[in-house]
């Protein structure tokens, strides 16, 4: 090789090296590291939310809440089906000589059977005024009703006999639940107001708009109730010149209640009390802005059995004001329908002027006992209908492997929804629920209800300002989320939250305040795709 070719070859080699051609690490930029794989919560891939009580067969049907738990024995299934028939029993006015087992309805009530409020074992339909009308009168199709009470004389902090165990203070002559329906002669002025109960109730809606940071708007609605024409002052309203009715006084506290789905209830009662209390933080000792308080309530089962302090942890109801499925279900039988049972043998309005007048005017034997002197439903009926709602299957999750659903599961944890919606519990291996032995199929089940079963301050917008035992007017029990995505498959007209104000799950999220305000704000700060992913996860439950 001559000298000129050698020089050219050396220069070419140097040029290639300077450009990183043949190697060396001089000037080399390493590729960026791979981003870490997303970390998904433990519940992301779970489909059997009710453990062995989960049903996978009816999850996309209108009967997705109405399937017996698949792990029932043959004898238990027979009792469940007997309870199913009891749940759908429509009661009639007493006396019904041809069918005395069906009589006892009223004389004032909200509905005539369980299924009317819990349509297909889910929620009832949201009531909207007809076109051209601003309000609608609650009638036979209303699954919503009003609770009412007077303020405590002093704040109630310890459930004790001396303060009636912090039970809500009844409105004189009315009670603690407003019955808008009545049998034909329920009122003394029945010829003018046939089939009207204690008063007329009208519902209208107030609308508002919420805007996300990206400009997307969502319309929200809030119910407004007007009470008119009470039986103790016919024709009166709150706008009357001289308001005399006990029901229309300014100190009467009123709160709306909408029906809840009734599946999975036995599993929730089978959670050990200490496991629920382990999540309580009433003084917010960890300073995360979320407390979680237990409600302690009067327990009719303990009172029946002679317990000197008949108080138990509240687990059920919108304010955790019921200690057991049995207490809640049989109290609803009496309160919602006026049907007595061995646990609640007294009429809901016993001792009021309205009831006394009804008995005197009609001569009907509607004192809470049948012609045999026994309550209007017997122990077998009670046992069957309660067993039915304790042993309904929990529907399985859907679309678990969908990438958007999986991302939504991660976002659900990221925005701290799990601080109140506790994903997982394990039920007790044995014990009693509602005063009887727990069905074996409910024992030792790993379940995912997504609820801590505790009370939380949800802010002013959701407050009804009505205390219920230890729950104050802003506190609500965390709703279990299992089955959420099937709510409107079971009933397309169903709404969400305690008064059915939310037409969608998204609207329900946007109503969260108080202890949930930070999570609500974090949800609103997500971009549109992330919000959709989180909602996709909720709809998979």
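The values are calculated or read from the model by the stated rules, or taken from the named source; none is laboratory data. Keep in mind that this is a model prediction, so the values were computed, not measured. FYI the Cβ positions are ideal-geometry reconstructions off the backbone, even for glycines, and counts take in every protein chain you see.
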How many residues of the range 308-346 are within 29 Å of residue 364 (Cβ to Cβ), part of a loop (DSSP other than H, G, I, E, B) and touching a residue at least 60 places away in the same chain (Cβ under 8 Å)? The answer is 3
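Under the condition of being in a strand (DSSP E or B) and out of contact with any helix residue (DSSP H, G or I) (no Cβ under 7 Å at 6 or more places or on another chain), which residue from the range 350-408 is nearest to residue 438 (Cα to Cα)? Give the steps one after another, and end with the answer.
Keep residues of the range 350-408 that are in a strand (DSSP E or B), which gives 369, 375, 392, 394-395.
Keeping just the survivors that are out of contact with any helix residue (DSSP H, G or I) (no Cβ under 7 Å at 6 or more places or on another chain) gives 369, 375.
Values: 369: 30, 375: 25 Å.
It comes out as 375.
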Across (1) modelled with pLDDT under 95; (2) out of contact with any helix residue (DSSP H, G or I) (no Cβ under 8 Å at 6 or more places or on another chain), residue 156 clears everything bar (2)
Of those in the range 477-489 that are touching a strand residue (DSSP E or B) at 6+ places or on another chain (Cβ under 8 Å) and assigned to a loop (DSSP other than H, G, I, E, B), the residue surrounded by the fewest Cβ atoms within 10 Å (Cβ to Cβ) is 478
Within the range 101-108, can one find any residue that is at pLDDT below 90, under 29 Å from residue 194 (Cβ atoms) and surrounded by fewer than 17 Cβ atoms within 10 Å (Cβ to Cβ)? yes
Taking the range 259-281 and keeping residues part of a loop (DSSP other than H, G, I, E, B) and at pLDDT 95 or above leaves 261, 262, 263, 264, 270, 271, 272, 278, 279, 280, 281
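Residues in the range 156-171 that are assigned to a loop (DSSP other than H, G, I, E, B), in contact (Cβ under 8 Å) with a residue 60 or more places away in the chain and more than 30 Å from residue 125 (Cβ to Cβ): how many?
As a first pass, look at the range 156-171 and keep what is assigned to a loop (DSSP other than H, G, I, E, B): 156-160, 167-168, 170.
If we keep only those that are in contact (Cβ under 8 Å) with a residue 60 or more places away in the chain too, we end up with 156-157, 159-160, 167-168.
Next, only the ones that are more than 30 Å from residue 125 (Cβ to Cβ) stay: 156-157, 159-160, 167.
Of the residues in that region, 5 qualify.
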Going through the range 184-195 in order, the residues found to be within 21 Å of residue 91 (Cα to Cα) and surrounded by fewer than 24 Cβ atoms within 10 Å (Cβ to Cβ) are 184, 185, 190, 194, 195
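Do we find that residue 400 is crowded, with 17+ Cβ neighbours inside 10 Å and on the phi < 0 side of the Ramachandran plot in this structure?
no
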Log entry, pairs with first residue in the range 502-516 being free of Cβ contacts under 8 Å to residues at least 24 places away in the same chain, second being in a loop (DSSP other than H, G, I, E, B), beta carbons closer than 7 Å, six or more apart or on different chains, reads 508/497
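Tell me, please, whether a residue that is within 18 Å of residue 291 (Cβ to Cβ) and assigned to a strand (DSSP E or B) can be found in the range 409-427.
Residues of the range 409-427 that are within 18 Å of residue 291 (Cβ to Cβ), as a first pass: 416-422.
Next cut, assigned to a strand (DSSP E or B) only: none.
No, the range 409-427 has no match at all.
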Picked from the range 172-218 (must be free of Cβ contacts under 8 Å to residues at least 60 places away in the same chain and in a strand (DSSP E or B)), the residue farthest from residue 529 (Cα to Cα) is 196
Say whether the condition of being over 27 Å from residue 529 (Cα atoms) and surrounded by 17 or more Cβ atoms within 10 Å (Cβ to Cβ) is met by at least one residue in the range 408-426. yes
From the option list 498, 456, single residue qualifying as at pLDDT 95 or above and part of a strand (DSSP E or B) is 456
The residue from 75, 48, 86 that alone is modelled with pLDDT of 95 or more and within 30 Å of residue 108 (Cβ to Cβ) is 86
For residue 407, the lone unmet condition from (1) under 24 Å from residue 85 (Cα atoms); (2) at pLDDT 95 or above is (1)
Considering residues that are farther than 19 Å from residue 275 by Cβ, surrounded by 24 or more Cβ atoms within 10 Å (Cβ to Cβ) and out of contact with any strand residue (DSSP E or B) (no Cβ under 6 Å at 6 or more places or on another chain), the number found within the range 310-332 is 5
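Do you know which of the residues in the range 296-307 that are in a loop (DSSP other than H, G, I, E, B) and touching a helix residue (DSSP H, G or I) at 6+ places or on another chain (Cβ under 9 Å) is nearest to residue 443 (Cα to Cα)?
We begin by selecting, within the range 296-307, every residue in a loop (DSSP other than H, G, I, E, B); these are 299, 305-307.
Okay, now just the ones that are also touching a helix residue (DSSP H, G or I) at 6+ places or on another chain (Cβ under 9 Å), so 299, 307.
Working: 299: 23, 307: 26 Å.
If we take residues in the range 296-307 being in a loop (DSSP other than H, G, I, E, B) and touching a helix residue (DSSP H, G or I) at 6+ places or on another chain (Cβ under 9 Å), then 299 is nearest to residue 443 (Cα to Cα).
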Going through the range 428-457 in order, the residues found to be crowded, with 23+ Cβ neighbours inside 10 Å and under 15 Å from the mean Cα position of the chain (by Cα) are 449, 450, 452, 453, 454, 455
- prompt: Does residue 474 satisfy being within 23 Å of residue 64 (Cα to Cα) and either at pLDDT 95 or above or buried (at least 23 other Cβ atoms within 10 Å of the Cβ) (or both)?
  reply: no
- Right, residue 359: in contact with a strand residue (DSSP E or B) (Cβ under 7 Å, 6 or more places away or on another chain) and surrounded by fewer than 21 Cβ atoms within 10 Å (Cβ to Cβ) or not? no
Scanning the range 458-468 for residues that are touching a strand residue (DSSP E or B) at 6+ places or on another chain (Cβ under 8 Å) and under 24 Å from residue 163 (Cβ atoms), the one surrounded by the most Cβ atoms within 10 Å (Cβ to Cβ) turns out to be 468
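Inside the range 114-155, can you point out the residues that are in a loop (DSSP other than H, G, I, E, B), crowded, with 17+ Cβ neighbours inside 10 Å and more than 19 Å from the chain's Cα centre (by Cα)?
Just the residues of the range 114-155 that are in a loop (DSSP other than H, G, I, E, B), to begin with: 118, 122-124, 126-135, 138-144, 151-155.
Applying the additional criterion that residues be crowded, with 17+ Cβ neighbours inside 10 Å yields 118, 122-124, 126-127, 138, 142-144.
Hit for the range 114-155 is 138, nothing else.
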